[in-house]
Amino acid sequence: MLLFKKPFHAGLKDGTITLTYRRWQKPHVRPGGRYRCHPIGVLEVDEVALVPVKSITAADAGRAGFASREALVTYLGELGPLTPSTPVYRVALHYGGDGDRVEIALETELGDDDVAEITGKLARMDKTTPWTKATLRLIDEAPRTAASKLAAKVGRETLPFKADVVKLKKLGLTQSFEVGYEISPRGRAYLAKIAPKPRKKR
């Protein structure tokens, strides 16, 4: 379970906070796990590591939502005596949406307006660098495959890749699982509309 104070909520949702440090006796979360954090939504854990306080950098502190390394160390020190060698858990995570499933992902009746709306949103996502169709195709060809493996296939870093899949999920085109993703029923209906399979010749 993950709990965060209110000042961290906005950063977790907009993606500026991607780290948290915890003084646990043992890990309370695991890589690949999805955890509901009220009122933020779902947080997905990418990595969990036990590290000494002295390993924390200013960049780490920024990713954890603190103005400086000193501010983060002071915060950790409020929970008990702290030395440079004190072990703390470093948890890398990202925002996983408002819930475990986008309800529209189950909708398969798509009209022309629905198709046009989805196509328009995907086009805006592709404005700088096209990636949406390739990502959908990759998930379709390798369902429930670890995000790290999918990202490697297209030469991308895991965290940005996962963040992009979240965007597709918000449109109801994909669904997340304990490991990997699948094209949702809505996603399949959309793909069928824009690229219908040719009829077999008799």
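Run the numbers on the stretch 6-95 and let me know its relative contact order in percent, using alpha-carbon pairs under 8 Å that are six or more apart. Before the final figure, lay out the partial values.
Numbers: 148 pairs, mean separation 39.4, N = 90.
Dividing the mean separation by the residue count of the stretch 6-95 yields 44 percent.
If you put +1 on each Lys and Arg Cβ and -1 on each Asp and Glu Cβ, how big is the dipole of the stretch 6-95 around its Cα centre, in Debye rounded to 20?
Working: 12 positive and 7 negative charges, 48 e Å.
It comes to approximately 240 debye.
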Subject >> Nearest-20 debye value, the chain charge dipole, Cβ charges on Lys, Arg, Asp, Glu >> reply: 620 debye
Original post:
Ranked by Cβ crowding within 10 angstrom, fewest neighbours first, how are E78, E141 ordered?
Top reply: E78, E141
Original post:
Considering the chain as a Gaussian network with a 10 Å cut-off on Cα pairs, which listed residue, D46, D60, D114, attains the greatest mean-square fluctuation?
Top reply: D114
**OP:** Can you tell me the 0 to 90 degree angle between the C-alpha axis of helix 185-194 and the longest principal axis of the chain, rounded to 10?
**Re:** 50 degrees
Original post:
Can you pull the three principal axis extents for the Cα set of the stretch 96-188, in Å, largest first?
Top reply: 35, 30, 25
Original post:
Pairs K5/K121; K5/K54; K26/K169; K127/K167; K5/K127; K13/K54: which are spaced more than 26 Å apart, C-alpha to C-alpha?
Top reply: K5/K121; K26/K169; K5/K127; K13/K54
Subject >> Mean separation of Cα contacts under 8 Å, 6 or more apart, over the residue count of the chain: relative contact order % >> reply: 21 percent
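Applying 1/(1 + (r/R0)^6) with R0 = 25 Å to the Cβ-Cβ distance of A71 and T16, what FRET efficiency is obtained, to the nearest 0.05?
Efficiency, from the Cβ-Cβ distance: 0.95.
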Original post:
Which distance in Å, rounded to a whole number, links the C-alpha centroids of the stretch 1-42 and the stretch 82-160?
Top reply: 19 Å
Subject >> 0 to 90° range, to nearest 10: angle between helix 112-125 axis and the chain longest Cα axis >> reply: 40 degrees
**OP:** Kindly express, to the nearest 10 degrees and within the range 0 to 90, the angle between helix 158-170's C-alpha long axis and the longest C-alpha principal axis of the chain.
**Re:** 50 degrees
Subject >> For V88, distant residues with modelled amide H under 5 Å away >> reply: V51, V53
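Would you mind ranking T128, T145, T74 by Cβ crowding within 10 Å, fewest neighbours first? List each step's numbers first, then the result.
On the way: T128 7, T145 16, T74 12.
Arranged by neighbour count, lowest to highest, T128, T145, T74 become T128, T74, T145.
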Original post:
Fewest first, what order do T174, T108, T86 take by the number of other Cβ atoms within 10 Å?
Top reply: T108, T86, T174
Subject >> Integer Hz, Karplus 6.51/-1.76/1.60 couplings in order for the stretch 60-71, x for Gly and Pro >> reply: 4, 4, x, 5, 8, x, 10, 6, 7, 4, 4, 5
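Every number here is computed from the coordinates shown, using simple stated rules; none is lab data. The structure presented is a predicted model; accordingly, all values stated were derived computationally and were not measured. Counting neighbours? That spans all protein chains shown, and the Cβs are built from the backbone with ideal geometry, glycine included.
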